Structure formats: C-alpha cells, structure tokens
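Working notes, beginning with the structure itself.
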Amino acid sequence: MILSRGTTDGVAAALAAHGLILRGGFRFAGDEAVPAGLSGALAKSALLVGQAGAAPWPHFQRWLEGQPQPIANPLDTWSREAIGAVAEEFGARAVSPSDRPYLPFQQWAMRAEGLRPSPLGILMHPTFGLWHAYRGALLFEQEIFLPEPEETMHLCDTCAEKPCVKSCPVDAYSEQGFAHDACLGHVRGARGGPCRTGGCLDRNACPYGTDYRYPPEVQAFHMAAFARL
Ligand code: B12
C-alpha cells in the first residue's frame, strides 16, 4: 500500500501546529541499515521533521512554562512529545536525532532535500542558510507519497569570501574538521562572552538565510546546551 498525498499533507498540517515543518522524505534502499517501524518490521520510508529559523521556539517556550519541574534536555523532550503525537496519529514510529546509537540524520537530510554541508558541517539550505535543524523523523512501514524535492543550489559554491571560516577567534573550523576542544575552551572562557550570548561567530558570519537567523536568546540556549554551561 502507498500512503497518499493526503497523509503527507496531513502530517505537514499537524506539524505546523507546533511550528515544525516537513523536511522532505525518502524510501529506504535494500542495501542500508534500515530502522524498524512501529510494529518492529523494517521501515520502508521516512519523513524528516525539522525547523526553519526559530519557528518552534514560542511553542516550546509555552510548553516549558507549563512544566511543573525543571527538565533535563527540554527541547529534546518537547520535540519527542510533539512529534510523537503526530506519529501516533499517522501510524508512524517517531525517532529523534538524539536517539542512541545516533541515526544518520544528516545523510537522510541530504537525500530528502538534496542539501550539502557548508564548511561548518551544518547543511546549507538554499532559503534558510545555516538557520535550520532536524527535530525528528517519522518512519513508515508503507511506501509514502513523497513531496517532489526542489531543485537546490549549493550556495557555498558561489561564496568566494567564506566569512564562516574566518570569524572564529580560535579558528575552530578548518579543512581538518571541527576543533571541538578549542571551541569549548574559548566559549567557556573569559573571552567567550559574545559566543555565549549571541551564538557561534562563524555561523553568524554566513551571509545566507539571514531572515531565518535564530534570535540571540535562542542561540544562547543552544550554545549553553552545546557547551554545557
Ligand atoms: C554528535 C553530534 C555533534 C557533536 C559532533 C561530534 C562529532 N564530531 O561527530 C558535537 C557536540 C560537536 C556537535 C555540535 C553541534 N551540532 Co551536532 N550533532 C551531533 C548528532 C547528535 C550526532 C552526529 C552523528 O554522529 N550522527 C551519526 C552519523 C552516522 O550520521 P551522519 O548523518 O552520517 O553524520 C554526519 C554528520 O554528523 C557529519 N558530522 C560529523 N561531525 C559533525 C559535527 C557537526 C557539528 C556537524 C553539524 C556535522 C558533523 O558527518 C557525518 C557524515 O555525513 C547529530 C544528530 C544526528 N543524529 O545525526 C547532530 C547534528 C549533526 N548537529 C547539529 C548542529 C546544528 C550542531 C551545532 C551547530 C548545534 C549547536 N548546539 O549550536 C553544534 C556546533 C558545533 C559544530 N558545528 O561542530 C545538527 C545539524 C543540522 C544541520 N542544519 O545540518 C544535527 C543534525 C542535530 C539536529 N538536531 O539538527 N554535534
């Protein structure tokens, strides 16, 4: 059975109630590690769920204010709840980018939307630039109608200046990859104030998708989670 376009549209509408969006989808191939669906049988297809800019933030904040106790990893918990409810409605199994062992979300995203990584590792989106993320995926045991992927252009190919690799005081990004320890040391240190309050200087230097740039309080939240401040 192939789930219809109506299902995909319904999923998109249910996600919109949480400020979340459908980030495309794909069918699993026979020669890859295929995760299980809801019944435990192998999934046949996946829809990716994520955000453009900080759209889910007010939904998440309202939910957080209603919690009786402080919650560890609150954004993950909110995402699991919101996406879990949509999965239940449509007979899918919800998975999270934080599930262990890690599921290959960026590889899935590259298949679903034809995106490629920026020099920072974060995938470059033709509209959202670096200001987007994945909050989960819905795994179906049926084939599903998939939205036609849009023709995408990799903006980093046309960016000669590459300010994204020139703005970090400790050059955390290079062709050798991401210098995690140098980044953490700086962010946690005396001169890391701008990174702590306004987010990664390299990410903010990217000239694309600036309409979707996360507001400073959202960037500070993510930086605090990343650097365990
Ligand atoms: C572990 C992890 C990290 C580790 C990286 C350790 C390492 N070097 O492997 C640390 C803590 C450093 C990290 C940091 C960040 N991460 Co991270 N991370 C992950 C996580 C949870 C697992 C990665 C993984 O191993 N996957 C399993 C493999 C098999 O999957 P994969 O698709 O093949 O993995 C590819 C990527 O992971 C990529 N890669 C390898 N190392 C790194 C490091 C970073 C930062 C990125 C972006 C990609 C990347 O190469 C792999 C091959 O294609 C993913 C979510 C996920 N489930 O994938 C998020 C994820 C990759 N991270 C993400 C982000 C945004 C960040 C931060 C920018 C977030 C922040 N808090 O501000 C920071 C910034 C620092 C940086 N740019 O390096 C996003 C990327 C979204 C996008 N638009 O592309 C993801 C997808 C989470 C999400 N919810 O959307 N991250």
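Enumerate the amide H contacts of residue 136 below 5 Å, restricted to partners 5 or more residues apart or on another chain; note that Pro and chain-start residues carry no placed amide H.
Here 49 satisfy the definition.
Have a look at 226, 42, 12 and report the one farthest towards the positive end of the charge dipole of the chain, computed about the Cα centre with Cβ charges (Lys/Arg +1, Asp/Glu -1).
Working it through, the farthest residue towards the positive pole turns out to be 226.
Once you order the gyration tensor axes a ≥ b ≥ c over the Cα atoms, which shape class does segment 66-171 get: rounded for a/c under 1.5, otherwise prolate or oblate by comparing a/b with b/c?
Working: a/c = 2.67, a/b = 1.38, b/c = 1.94.
The shape class here is oblate.
With θ set to phi - 60° and the Karplus curve 6.51 cos²θ - 1.76 cosθ + 1.60, what are the ³J(HN,Hα) couplings of segment 188-193 in order, to the nearest whole Hz, using x for Gly and Pro?
Karplus-based 3J(HN,Hα) across segment 188-193 equals 7, x, 4, 9, x, x Hz.
Rounded to the nearest 10 degrees, what's the angle between the helix 216-227 long axis and the longest principal axis of the chain, both from Cα atoms, 0 to 90?
90
With unit charges on the beta carbon (Lys/Arg positive, Asp/Glu negative), name the residue among 139, 64, 26 whose Cα is farthest towards the positive pole of the charge dipole of segment 2-151.
64
Quick one: pull the percent of accessible area on segment 2-151 belonging to carbon and sulfur, 1.4 Å probe, ligands and nucleic acids left out.
53
Tell me what the chain gives for mean residue ellipticity at 222 nm when only DSSP H runs of n ≥ 4 count, each as -39,500 (n - 2.57), the sum divided by the residue total, rounded to 500 deg cm²/dmol.
Mean residue ellipticity at 222 nm (helix-derived): -10000 deg cm²/dmol.
In whole percent, and with a 1.4 Å probe on the protein chains, what portion of the accessible area of segment 159-227 is carbon and sulfur?
Exposed carbon and sulfur together represent 56 percent of the surface.
Quick one: accessible area per residue over the chain, 1.4 Å probe, rounded to a whole number of Å²?
52
Going by accessible area, probe 1.4 Å, with all protein chains left in place, what is the ranking of 218, 170, largest first?
170, 218
Could you derive backbone 3J(HN,Hα) for segment 12-20 from the dihedral phi with the Karplus parameters 6.51, -1.76 and 1.60 (θ = phi - 60°), listing whole Hz in sequence and x where the residue is Gly or Pro?
4, 5, 5, 5, 4, 5, 10, x, 9
Using amide H atoms built 1.01 Å from N in the peptide plane, name the residues 5+ places from residue 143, or on other chains, whose amide H lies under 5 Å from its own.
Those lying under 5 Å, H to H, from residue 143 are 3.
Consider all pairwise Cα distances in the chain and report the whole-number % of them above 23 Å. Mind dumping the intermediate values first?
Working: 13506 of 26106 pairs.
That tail contains 52 percent of the Cα-Cα pairs.
Roughly what angle does helix 74-90 make with the longest principal axis of the chain, taking Cα atoms, 0 to 90 degrees, to the nearest 10?
For 74-90 against the chain, the angle is about 20 degrees.
Starting from segment 138-207, pick out the trypsin sites (Lys or Arg not before Pro) whose DSSP state is loop and whose Cβ has at most 16 other Cβ atoms within 10 Å. All intermediate terms of the calculation are to be shown ahead of the outcome.
Values: sites: 166, 188, 191, 196, 203; in loops: 166, 191.
Those that pass, being in a loop and sparsely packed, are 166, 191.
Please say if segment 159-227 is rounded, prolate or oblate, where rounded means a/c under 1.5 for a ≥ b ≥ c the square roots of the C-alpha gyration tensor eigenvalues, and otherwise the choice is prolate for a/b larger than b/c and oblate otherwise?
oblate
Please report, in debye to the nearest 20, how large the charge dipole of the chain is about its Cα centre when each Lys and Arg carries +1 at its beta carbon and each Asp and Glu carries -1 there.
580
The values are calculated or read from the model by the stated rules, or taken from the named source; none is laboratory data. Predicted model only: the values in this text are computed from it and were never measured. Here the Cβ is made from the backbone with ideal geometry for all residues, glycine too, and neighbour counts use every protein chain on show. Keep in mind that these areas ignore ligands, DNA and RNA; they rest on the heavy atoms of the full protein, side chains included. Shrake-Rupley method; radii C 1.70, N 1.55, O 1.52, S 1.80 Å.
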